[in-house]
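Reading through the structure tokens given below for one structure.
The values are calculated or read from the model by the stated rules, or taken from the named source; none is laboratory data. Please read these numbers as outputs of a predicted model, since none were measured by experiment. Here the Cβ is made from the backbone with ideal geometry for all residues, glycine too, and neighbour counts use every protein chain on show.
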Amino acid sequence: MYRWLLFDADGTLFDYDRAERAALEQALGQIGVSFDPAHLAAYRQINQGLWQAVERGEITPGMVKVRRFELLLGAIQVTYSPSALSAAYLECLANCSELLEDARAVVEALHGKYRLAILTNGLKEVQRGRLSRSAIRPHISHIIISEEVGAAKPAKEFFDKAFARLGHPSKREVLMIGDGWASDVQGAVQYGIDACWYNPGRKSRPAVCEITREIAALRELNDWLG
């Protein structure tokens with residue numbers, strides 16, 4: 001039925017929570033700030049709010065880079081260059097390529113049966129760096145990054161540009177797989193392609209659109225598509 005499987009990156013294939021914590025701890029350590037779990041909580045709240053604004057089309061991914069550290073430094077009352085801290089953080093994050101449980105095995109099993117791509121609202125230096133260091137790199141034919149294409153999921157413009165890079169496949173032959181309800185699932189459904197919601201936390205499903213499948217573990221993809 002499908003020829004293309006389009007995966008979200010963070011929280012779907014990559015262990016972003018672990019990478020985020022490690023990168024923030026390392027970056028703050030470089031400027032002499034002892035890491036505190038409260039710093040991570042503040043950062044995550046700020047970062048989530050900014051990326052939600054990206055999804056709504058209010059700001060660009062590039063604007064997130066420095067703005068989140070302007071807000072964080074203010075919140076933790078540390079005087080330092082937000083742009084310098086951002087650069088340190090992004091370098092650390094790009095080196096964190098840990099995958100979620102079963103991600104490697106699932107991607108390896110599906111490769112060859114389907115063409116695989118990653119569609120992400122991340123930043124290019126982070127996502128390309130992480131993928132290049134990842135065990136799944138040989139199996140991914142394309143990575144489409146919002147910062148590079150000038151639009152972000154769930155916008156139609158993002159999917160238009162992604163499909164152009166994939167060679168304009170038929171929509172009925174494409175499946176989007178991701179943990180983000182608004183960006184991945186709604187974005188795909190509104191664009192006219194099938195969507196599989198990766199929902200390991202078993203959150204309640206918003207009753208706003210029909211989806212093709214919901215899974216709580218990546219290995220369920222092999223049972224369904226393998």
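Miscellaneous remarks
- Note on region 8-35: residues that are touching a residue at least 12 places away in the same chain (Cβ under 8 Å), part of a loop (DSSP other than H, G, I, E, B) and either among the hydrophobic types (A, V, I, L, M, F, W, C) or farther than 24 Å from ALA103 by Cα (or both) amount to 4.
- Pair list, Cβ under 8 Å, 6 or more apart: region 179-197 residue under 19 Å from ARG56 (Cβ atoms), other residue outside any helix (DSSP H, G or I) and aromatic (Phe, Trp, Tyr): ASP179/TRP197; ASP179/TYR198; TRP181/TRP197; ASP184/TRP197; VAL185/TRP197
- Selection count, region 115-126, where residues are buried (at least 19 other Cβ atoms within 10 Å of the Cβ) and either at pLDDT below 95 or aromatic (Phe, Trp, Tyr) (or both): 4
- Residue-level check: of (1) under 16 Å from the mean Cα position of the chain (by Cα); (2) surrounded by fewer than 17 Cβ atoms within 10 Å (Cβ to Cβ), ALA94 misses just (2).
Matching residues to (1) of a type in the set (A, V, I, L, M, F, W, C); (2) more than 18 Å from GLU25 (Cα to Cα):
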| residue | (1), (2) |
| --- | --- |
| ALA84 | yes, no |
| SER97 | no, no |
| ASN121 | no, yes |
| HIS139 | no, yes |
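- Residue within region 41-50 that is under 24 Å from GLU147 (Cβ atoms), touching a Ser or Thr at 6+ places or on another chain (Cβ under 8 Å) and outside the structural domain of ILE145 (by TED's automatic domain parsing) present: no
- For GLU58, the conditions (1) closer than 26 Å to TRP181 by Cβ; (2) of a type in the set (D, E, K, R); (3) crowded, with 16+ Cβ neighbours inside 10 Å all hold with the exception of (3).
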